[in-house]
Structure formats: structure tokens, C-alpha cells
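Written out below as C-alpha cells is the structure these notes cover.
Any read-out appearing in this document is the output of simple, stated calculations on the displayed coordinates, not a laboratory observation. On a predicted model such as this, the values are computed, not experimentally measured, just so you know. Here Cβ is always computed from backbone atoms with ideal geometry, including for glycine, and neighbour counts include all displayed protein chains.
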């Protein structure tokens, strides 16, 4: 039998412990599929004595994770520490510069430093794998990088954060407001004590920048991702969207428009018939459109011990087999640098919600603002006024430039009758 592939594992949280369990539980199957055993030889974590439900006595221990890269009994390093910089980045650089393969689940680090790390991996002629960095156990990285490699992709759209999808689904099904569901999600462990990265869309934006690079052969460019989270979504928005034939989802969209790149995370109205509308609870999903393969759709559990550990070990099996393609589907020097596509380049239909005083003349002021901005309305709904004398005004636009919608919203927000910041959401095309 071939010599085992020996792992240096940095990070022994939920996913790290899951990797150890998976390698032990499925050891025989993994050996057959990899062509050689895959074993952990050394580990590193912040607390040596914490109870993790796994036996660490057979593994070497390093207090400094970077030391894993230099050990003679480590063939490949797995990084599950997290964080865009700091120890994770130091370990990544040390591993690749030491000519050892590197496996990570760290989407933040890849979003910020993916190009640099891809260049280091190519210079060392070693693989860098990161299937677990996007959508947990769903094989979307492999699907785009390998399965769709012969296709020109026109767009990638996804539900990339399970916490947000869980919150929006419960608001929809149980008639609850955002704050109430968030509190309960934290109690149940679906949301962190500090949920900022999730509910403000940052986690999804990290993942989207990786998907965009894989899909379009562009350099990872996280700073160019436009990000809007779900804090401002009301139950009224969920209900009005449903009445109009849509569901509200936090989606990430990446698309090339000419020589510019759209990268956007935003609450979106998804048509009931679109596959993403059926994605509920903490699930993730990614939809991609290829010019020969058509629509590809990936759905499954996007986080947690089992799914994420499964993706990490899948990468280790690839390393054991000697697979060593470019990290972002093509050599780093071939990745294009495209300018961001701003609102002036984006077209579509939009949902607009205003909160205004319920008095005569307000609708005339609203329609005047839309007319002056060149925005045509497909439908307008004004539910019954609230007891405090305010009213919601909900509109769907015809196909229009986003710049015009933003101009109209700025005018409407300044109206004397406006009592709250307007909200707008793009509407996903049924075939998008």
C-alpha cells in the first residue's frame, strides 16, 4: 500500500473535530478512494486541554500553528483557524512557500488574499484547495472549476448564507418580524452572538467574490462587492412580495457586463417558480448559467460540522490522488482584472417600499418623483394605514436602469411626508 498522506490540522473547533471524526469513521472508504490512507499526524489549537469529543493523544501538538508547515511528518496542511489575516494567513504563506499542499475552509482569507495565495501555490507547484470555503458540503467549487470548465458562464446567483435564509424563511412562514427571529436564531445556535457578518451580508460577499473568480476567470476582488444585508427587511415586505408572486431571499449575484463585473449581495425578490425560491431554512444554493450546459443548480447544507468536514476531506482525497490544477480554474497570471459595474450599468425590475404620512397629495408627490427620474411603475399597492397614521406604499417597476431608481428613491426620501428610509430590492429574472 502507498504511504499515507499525513495531515497537519490547524484549528480544532466544530469543523476541525469533524475532520478527525470523518477520517477515522470512513478510513477504509477514504483509503480506497484516495489510493492511500489519509491520517492526521499533528494538530494545533488555542487550548490544548479543551474537551472536543475526540482523542488527540496520537497526534503531535504545536502551540504555534505555523510550526505545522515545517514538520517532517506533515505532507499537507489543513487550515480551519479562520480570519482574513493573522495566524491563518501566516500559516498559508508558510505552507505554500514550504512547497506543501494547502487546504482551507477560510472564505475571508481567500476573498482578501486569494490571488496572492494562488500565485504562491503555482510558484511552488503544489495544490491549494478550498471546497469548504463556499456553501459547506455542496461541491460548487469543483462543479464550477472542473465540471463547467468548458463553458462560458453568463451569471452565478446564490443563497450563500444559511443564517439569513433561516431568518427570512421563518419570517415568511411564521409571520414574525426580523428582530424576533434573530433573537430566537441566536438562542438555537443558527446565528452567532454577534451576527454582523451574517445579517449584514459580509459572509455571503466573501463567498461571492470566490465564485465570481471561478466563474469568469477574474481576480478575486472582495472590496468591489456591493453589500446590503437583511436588517431592514420587514414582515410587511415579505407579505407584499408573497402577494405579488415572489419570495424574499438574500442573494449574491455575479455577472459580466461588457468589460465590467457585477458583484452584489442584496435582498432580492425571487419569482416563485425559480429554483432559489424553494431553498428554505439554513440551506445554501448556487445557480449558474453555462452557454452549452445550460443551468446548473447546486443545493444542500452550507455549514456545520458534517458538511464542512466532508468538503475538507474531499479536498484531501484530491491531494492524495495528486490532483493539482490552478486554484481559480486558470493560472493566476491569466485572471482578468475587470472594473466594477456600478448602478449606471445595471438594468432590471425593482421592488420599492416607502413609509409615508397618510394624507392627501402624497401619492402625487411619489409619482412625480418617479416620473422625473424616468421610472415606470408596473404595479402599486397601498395597504391600510397603520394606527400611527403612517402608510406603506409598495411598487414594482418596469425594466429600468438602477441609477434612475436610486435617483427616484433619493427624491422620495426627501419628501416632507416620508417617515422612514425607503427600501428597494432587485427582482431576479425568472430565467436568471
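If the viscosity is 1.567 mPa s and the temperature 4 °C, what translational diffusion coefficient in µm²/s does Stokes-Einstein give for the chain when Rh comes from Kirkwood over Cα pairs? So the translational diffusion coefficient is about 56 µm²/s.
Sorted ascending by nearby beta carbons within 10 Å, beginning with the fewest, 249, 52 become 52, 249. Packing-based ranking of 161-169, 324-332, 203-211 yields 203-211, 161-169, 324-332, ordered from highest to lowest mean Cβ neighbour count within 10 Å. Normalised by residue number, the volume inside the convex hull of the Cα atoms of the range 179-286 is 117 Å³ per residue. With a Cα-only, solvent-free Debye model of the range 391-432, what are the log10 I(q)/I(0) values at q = 0.13, 0.20, 0.23, 0.31 Å⁻¹? Treating every Cα as an identical point scatterer, log10 I(q)/I(0) equals -0.33, -0.71, -0.88, -1.29.
Please compute the contact order of the range 343-427 in relative form: average sequence separation of alpha-carbon pairs under 8 Å and at least six residues apart, divided by the residue count, as a percent.
49
Put simply, when 176-188, 270-282 are sorted by average Cβ atoms within 10 angstrom per residue, most first, you get 270-282, 176-188. All C-alpha to C-alpha distances of the range 119-191, sorted into 5 Å bins beginning at zero, yield P(r) values of 3, 13, 15, 14, 14, 12, 10, 9, 6, 3, 1 percent in whole numbers. Evaluated on the range 5-133, the Kirkwood hydrodynamic radius is 14.7 Å, with distances taken between all distinct Cα atoms. For the peptides 259-267, 356-364, 216-224, 41-49, the ranking by mean Cβ contacts within 10 Å, running from highest to lowest, is 259-267, 216-224, 41-49, 356-364. Taking only the Cα atoms of the range 343-427, the radius of gyration and Dmax are 12.2, 41 Å. Projected onto their three principal axes, the Cα atoms of the range 244-359 cover extents of 70, 37, 28 Å, largest first. Using the alpha carbons alone, the radius of gyration of the range 299-402 stands to its Kirkwood radius in an Rg to Rh ratio of 1.29. If you wrap the range 1-61 in the convex hull of its Cα atoms and look at it from every side, the mean projected area works out to 4.1 nm².
Apply the Debye scattering formula to the range 57-145, with a single equal point scatterer on each alpha-carbon and no solvent, then give log10 I(q)/I(0) at q = 0.17, 0.18, 0.21, 0.24 Å⁻¹. The Cα Debye sum returns log10 ratios of -0.69, -0.77, -1.01, -1.25.
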